[in-house]
1. Given points 7 Å out from each Cα along the Cα-Cβ axis, report the Ala217 to His247 separation in nanometres with one decimal.
2. Do any cysteines of the chain lack a neighbour Cys whose Cβ is under 4.7 Å away, and which are they?
3. Could you work out the local net charge near Pro221, counting Lys and Arg as +1, Asp and Glu as -1, over the other residues with Cβ closer than 13 Å to its Cβ?
4. Once you have all Cα-Cα distances for the range 270-317, histogram them in 10 Å bins from zero and send the whole-percent values.
5. Could you tell me which GluC sites (Glu not before Pro) in the range 236-312 are loop residues by DSSP with no more than 16 other beta carbons within 10 angstrom of their beta carbon?
6. Going by the alpha-carbon gyration tensor, a ≥ b ≥ c the square roots of its eigenvalues, is the range 99-169 rounded (a/c under 1.5) or, if a/c is not under 1.5, prolate (a/b greater than b/c) versus oblate?
7. Using 0.36 nm per residue, how much length does the chain from Ser48 to Asn265 gain when fully extended, once their Cα-Cα distance is taken away?
8. Using the Karplus curve 6.51 cos²θ - 1.76 cosθ + 1.60 with θ = phi - 60°, work out ³J(HN,Hα) for each residue of the range 131-146 in order, rounded to whole Hz, and write x for Gly and Pro.
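FYI, it's all coordinate maths here, none of it is from the lab. None of these values were measured; they are calculated from a predicted model. Cβ coordinates were reconstructed from backbone atoms using ideal geometry, including for glycine residues, and neighbour counts include every protein chain displayed.
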Amino acid sequence: MVNRTLLQTLADGEFHSGEALGEILGVSRAAVWKQLQKLEEIGIPLNSVKGRGYRLQDAVELLDQAFLRSQLDAAIWQEVSVALVTGSTNEDVQHWFAGHAGRCVFFAEKQNAGRGRRGRQWVSPFARNLYFSLGWPFENGVAGVQGLSLAVGLAIYRVLKCHCQAPVALKWPNDILVNEAKLGGILLELNGVMLDACNVVIGIGLNLDIRHSDQEAIGQPATGLRQQGCKVSRAQLALELVQSLEHVLQGFSVSGFAPFAEEWNAANGFHGREVRLILPSSEVTGICQGVNEKGELCILVKGVAQYFNAGEVSLRLADVT
Ligand code: BTN
């Protein structure tokens, strides 16, 4: 287990001598060294300089589980958890559902097997972005979650608009963009596909600080809030996102997507643009009109409106390969 106090001490990005760290942790210098090795083993990069000590490569603001628990409504959230490292927070929620009922939220500072849509990986370096998943039960099975990923996007969009001057926009069905670069993504997974009830895992990755070294692994244009000149506390943003999602999901559980359609269309980054919709075995090109009350995308194909369901599809601007 990684020592949280050690990480919190190093979070300032300044050098700390082995002796000073030992005093803070109440352990020997040898024990400190073992702990520091553990950090490196789990992929948290450190600098060590003789005579100065150890530091994290970058200062970080860690998430605070106690703060989140104190601010979120315990009557709604049965579990609120922040891990330093996990495989995938979507997986953590799946495990939780195996033994619990209710709603939960799992954050992680780093994911070793972060999952993106269509089998892609989600690049998840330590404490630079937000990676979290909500577990939320719905009563009407698969039919009751139509348009859910769009409503989730809108909940995130609302928070970002409060903090950020950049032209944040939504892309049907699951993406958050700034100037066509990916700022965030949503991965929904249904647990037990049933007619009357299902548990949904809502995974969200939001980029706060995307480096050149991340770009290559991401494999598509990506940006972070920091790159957009938006400085906001990670811990505060994490809280506001969960609160906004809580609000939207409660509304969605009662009335579905319809009440959100107009606001979603106002946030649609591809409105009026020529788009290419890549379906499993065909492609459609036309003008993006927006979504209907079910969250289906309307594309004007040779002047005729056609509606599409979100599934294993990919939407691109027509002039982008
Ligand atoms: C996408 O491909 O656009 C969706 C990305 C979703 C990533 C998030 S990060 C938190 C959660 N855990 C995962 O493994 N994936 C989602």
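1. 3.4
2. Cys104, Cys162, Cys198, Cys288, Cys298
3. Computed value for this residue: -1.
4. All Cα pairs considered, the percentages come to 30, 62, 9.
5. Sparse-neighbourhood loop GluC sites (Glu not before Pro): Glu293, Glu312.
6. Taking the square roots of the gyration eigenvalues as a ≥ b ≥ c, the range 99-169 is oblate.
7. Stretched out fully, the Ser48 to Asn265 stretch lengthens by 73.0 nm.
8. 10, 7, 9, 9, x, 9, x, 10, 7, 9, x, 4, 4, x, 10, 4
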